[in-house]
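Okay, so here's the structure we're looking at.
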Amino acid sequence: MGIDACVILFLKAPEKGRVKTRLAASLGNERALDLYRCFVEDTIGMLDRDGLRLLIFFTPPSSRSVVVAWLGDRYSLVPQEGEDLGRRMHHAFQTAFARGFNAAVIIGGDSPDLPCRIIDEALTALEDRDVVLGPARDGGYYLIGFRKGAFLPDAFFGISWSAPDVFAKTLAILRDAGRRVHILPLWQDVDTLQDLRALVSRNAGTAFRQSATMTCIERAHGLLGGPVTTLGEGRAE
């Protein structure tokens, strides 16, 4: 890397009934919690293996002890601040830049099989681009990153975060402001049972097959409608 950069990971404290609620509607709160823990642990493992500088922003702000009990105290842990996702991301970027980083990207814990090559592409792009943006299949984005001097707070305000046009609106704001944007490959978050089946299907022959997430799915095959090798063939929910 030619610039001092970090990865910001947004996560929720692992509390039953408060994480992966759409998966919980199909699998139950306990299984959804198990999966969420694995999603985050696999994501952190990927970042650790690539030797990236990591800042973890957690919510709710009062849950530091819960997060430390889960992940330990070797990571930089910062409470998320803000009334909505946009304000929380705005605060996270401001914090990273105030700590001396010249570039930062934000990801969440909803894409456990996101490969390090995409993170590397994002950070490399920020050496000569202003912004990186990773489109998600649901119309949102799974990654956003800025160079410090090109940071644009307007990208985080006036957005309906649950709408299917978040990526399109954000991209328009960035381009209207004259920012040079690098668009990453399309990826898929895991929010629903159908998403989980897609995760299994696309990783049948990859190294991710040995991950904590896939092991957790294997243990839960009775709940998910068949063994992990055929989960992707189940009917869509």
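Results, tabulated for the structure shown:
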| quantity | calculated |
| --- | --- |
| Ellipticity estimate at 222 nm from DSSP helix runs (n ≥ 4, -39,500 (n - 2.57)) divided over the chain, nearest 500 | -11500 deg cm²/dmol |
| Cα→Cβ-extended label distance, 7 Å offset, between Glu81 and Glu30, nm | 3.9 nm |
| Probe 1.4 Å, protein heavy atoms only - accessible area per residue of the stretch 1-157 in square angstrom | 41 Å² |
| Antiparallel %, DSSP beta bridges [both residues in the stretch 85-194], to 5 | 70 percent |
| Cα Rg, Dmax (largest Cα-Cα span) when computed across the stretch 93-215, Å | 15.4, 45 |
| Surface accessible to a 1.4 Å probe, Thr213 within the full protein complex, Å² | 0 Å² |
| Convex hull volume of the stretch 1-94 per residue (C-alpha atoms, cubic angstrom) | 111 Å³ |
| Accessible-area composition of the chain, carbon plus sulfur, in percent [1.4 Å probe] | 47 percent |
| Exposed trypsin sites (Lys or Arg not before Pro) absent: longest stretch of the chain, with sites in DSSP loops and at most 15 other Cβ within 10 Å deemed exposed | 17-73 |
| Taking the convex hull of Cα positions in the chain, its mean projected area over all directions (nm²) | 12.3 nm² |
| Heavy-atom SASA rank of Asp42, Asp138 (probe 1.4 Å, accessible area, largest first) | Asp138, Asp42 |
| Fraction of antiparallel bridges per DSSP, the chain only, in percent to nearest 5 | 35 percent |
| Pairwise Cα inverse-distance average, inverted: Kirkwood Rh of the stretch 1-48 (Å) | 12.0 Å |
| Rg and Dmax of the stretch 54-107, Cα atoms only, in Å | 11.3, 31 |
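The values are calculated or read from the model by the stated rules, or taken from the named source; none is laboratory data. Because the structure is predicted, anything quoted here is derived from the model rather than measured. Cβ: placed from backbone, ideal geometry, glycine included. Neighbour counts: every protein chain shown. Areas reflect the complete protein model, heavy atoms only, side chains present, ligands, DNA and RNA absent. Shrake-Rupley method; radii C 1.70, N 1.55, O 1.52, S 1.80 Å.
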